[in-house]
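Below you'll find the structure I mean.
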Amino acid sequence: MRSIRHLLSFVLGSFVFAAAVLGLAGPATAHDAVESSTPAEGATVAVPPEQVSVTLSNNPLGIGSSFSVKDASGAEWADGPVDIVDNVASQKLKAGGPAGQYTVAWRVVSSDSHPIEGTFTFTASSAAEGAAPAASSTAGSSSGATVPGMGTAEPGVTAAPENAGSGEPFQWSIVIFAAAAVGLLVTLAILARRRLAAGTDDEG
């Protein structure tokens, strides 16, 4: 009987251990986070940049990405598709942007296949070369075009990545590990049951 109790204790301990390991593996599936933006949140630049970007903690997927870059009057300046290189998502801007505040609203699909989004603002001290006279640039200086987001990008400057990447696939390793742990526990339970049955037969 003592050996059977030890075996049952071992099986129970294995269940507890597997549950703890799977619990620790949970944070690995957390959504990617924003590390910085270019320009930085609230930054003032000399003229409107050629592009804006956000840097994430992991490589986003190359689908479902979008950027909206509007000036104080609500005019859209985003030009073309979003470009994703490694963990940096960038959006080119049209030439000839006016001076004033710009609001950037972005949305990407993180490496765990969940969409994440946010907003940040920056200000251009002067209009870009070739910009039309900003007769209405002061009108509606309070930008009503701010797009709500799930978060605001933190200040920072992105470094140019060296190699192009297309994002990471779903983390199947966690699923495989969980399946292996369940299989191990089922095997231990079957062995314990057989030992228990054998011990009962011996006593009879």
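The values are calculated or read from the model by the stated rules, or taken from the named source; none is laboratory data. These numbers were taken from a predicted model, which means no experiment stands behind them. Note that each Cβ is placed from the backbone with ideal geometry, even for glycine, and that neighbours are counted across all protein chains shown.
Please work out which one of (1) surrounded by 16 or more Cβ atoms within 10 Å (Cβ to Cβ); (2) part of a strand (DSSP E or B) is the condition residue 72 fails and give its number.
Failing condition for residue 72: (2).
Can you pull out the residues in the range 68-89 that are without any contact (Cβ under 8 Å) to a residue 60 or more places away in the chain and not β-branched (Val, Ile, Thr)?
Selection gives 75, 76, 77, 78, 79, 80, 81, 83, 89.
I'm checking my understanding of the structure. Among residues of the range 90-128 that are of a type in the set (Ser, Thr, Tyr), under 28 Å from residue 46 (Cβ atoms) and touching a residue at least 60 places away in the same chain (Cβ under 8 Å), which one is surrounded by the fewest Cβ atoms within 10 Å (Cβ to Cβ)?
Initial filter on the range 90-128 (of a type in the set (Ser, Thr, Tyr)): 90, 102-103, 110-111, 113, 119, 121, 123, 125-126.
After this cut, where a residue has to be under 28 Å from residue 46 (Cβ atoms) as well, the list is 90, 102-103, 119, 121, 123, 125-126.
Of the ones still in play, those that are also touching a residue at least 60 places away in the same chain (Cβ under 8 Å) are 121, 123, 125-126.
Details: 121: 17, 123: 15, 125: 11, 126: 13.
Only one residue tops the list, namely 125.
Sticking with this one: So residue 62 ticks every box in (1) in a strand (DSSP E or B); (2) modelled with pLDDT of 90 or more but one. Which box is left unticked?
Of (1) in a strand (DSSP E or B); (2) modelled with pLDDT of 90 or more, only one is false for residue 62: (2).
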